[in-house]
Amino acid sequence: MNKLPQITLAFWVMKICATTLGETAGDLLSMTLNVGYAMSSLILISLFLLSLFAQLKARSYKPALYWTVILATSTAGTTMSDFMDRTLGLGYATGSAILIGILIVTFAAWRMSEKSLSVDNIQGLRGELFYWMAILFSNTLGTALGDYLADDSGLGFAGGALLIGGLIAVVALARYYTRISAVALFWLAFVLTRPFGATLGDFLTKTHDQGGLDFGTVGSSAILAAVLLALVVFAMRSQNRNANAIAEPVSA
């Protein structure tokens, strides 16, 4: 059975919510709790691997499990990017360039191995592993790009979020009004929603003097977690209703 969700507006709303939560939760662990980028990355990568193992063992799409893995890639991507850019001193531009290269290699290997970059129906274990590798590196790249826009570009948190939001809107229009590959547009949008979440997360957490709303990492994470949980519960109920409708016998 297919283990991936349908790519609808609800998917993208949940993706943005999960990536924004990944930004605030990653910063909560690494900075607010002072765990550090390296140790936070090790902890969050371990959680990602545990959730991924459960996802790989699943036989069908389970919204709670799927979005747990997405959230794990987002939080791990946040601290991994910060470790590369800040602890290792690579900087946002260099870190982004390295991650773009890694993502391109991942897509190339996936394409050569599976002859497809499907994002709505993956059956084999190898294809599923490539899918989640691409998601992890996409979210890590998106963090670096978001930090670059917020800190180095001069746009600030709100400006960066508006720019990325505009680019996402262009990709959405291209999906319906051009013949550009739907798979290519999906991955472009997937990468872009991560810096959108990163800049939006920074906008929520940073102080007023820094151009943010000053909700802090704890308050922002709590709000975003509640929203994401509500969306996941809604997805689970919708899935159950659809399953019950299919199972009901058709009246003569």
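The values are calculated or read from the model by the stated rules, or taken from the named source; none is laboratory data. Here the structure is a predicted model, which is why all the values come from computation and not from measurement. Neighbour counts run over all protein chains shown; Cβ positions are idealised from the backbone, glycine included. These area figures cover heavy atoms from the full protein model, side chains too; ligands, DNA and RNA do not enter into them. Shrake-Rupley method; radii C 1.70, N 1.55, O 1.52, S 1.80 Å.
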Carbon plus sulfur fraction of accessible area for the chain, probe 1.4 Å, in percent: 68 percent
Within the chain, helix-based [θ] at 222 nm, where runs of 4 or more DSSP H residues each add -39,500 (n - 2.57), nearest 500: -26000 deg cm²/dmol
Accessible solvent surface per residue of the chain, calculated while the other protein chains remain in place, 1.4 angstrom probe, Å²: 50 Å²
Simple label model, 7 Å out from Cα along Cβ direction - A169 to A58, nm: 3.3 nm
What nm distance separates the two modelled labels at S118 and I104, each placed 7 Å from Cα along Cα→Cβ? 2.8 nm
Peptide ranges 116-129, 93-106, 186-199 listed from the most packed, as the mean C-beta count within 10 angstrom indicates: 186-199, 93-106, 116-129
First check a/c for the stretch 25-184, with a ≥ b ≥ c the square roots of the eigenvalues of its C-alpha gyration tensor; if it is under 1.5, answer rounded, and if not, answer prolate when a/b is larger than b/c or oblate otherwise. oblate
For K115, the aspartates and glutamates lying under 15 Å Cα to Cα, once residues fewer than eight places off in the same chain are dropped, come out as E128
Specify the angular offset, from 0 to 90 degrees and rounded to the nearest 10, of the alpha carbon long axis of helix 37-57 from the longest principal axis of the alpha carbons in the chain. 0 degrees
Residue pairs, from the table K57/K206; K15/K206; K3/K206, whose Cα atoms sit over 31 Å apart: K57/K206; K3/K206
I need the trypsin sites (Lys or Arg not before Pro) found in the stretch 127-207, filtered to DSSP loop residues with at most 15 other beta carbons within 10 Å of theirs. R179
Residues with amide H under 5 Å of I122's amide H, sequence separation 5 or more or different chain, H placed in the peptide plane at 1.01 Å from N; which? K3, L4
Length gain on complete extension for the stretch L49 to Y177, per 0.36 nm per residue less the alpha carbon to alpha carbon distance? 42.2 nm
Phi-based couplings in Hz for the stretch 120-137 (Karplus 6.51, -1.76, 1.60; Gly and Pro marked x): 10, 7, 10, 9, x, 5, 5, x, 5, 5, 4, 4, 6, 4, 4, 5, 4, 6
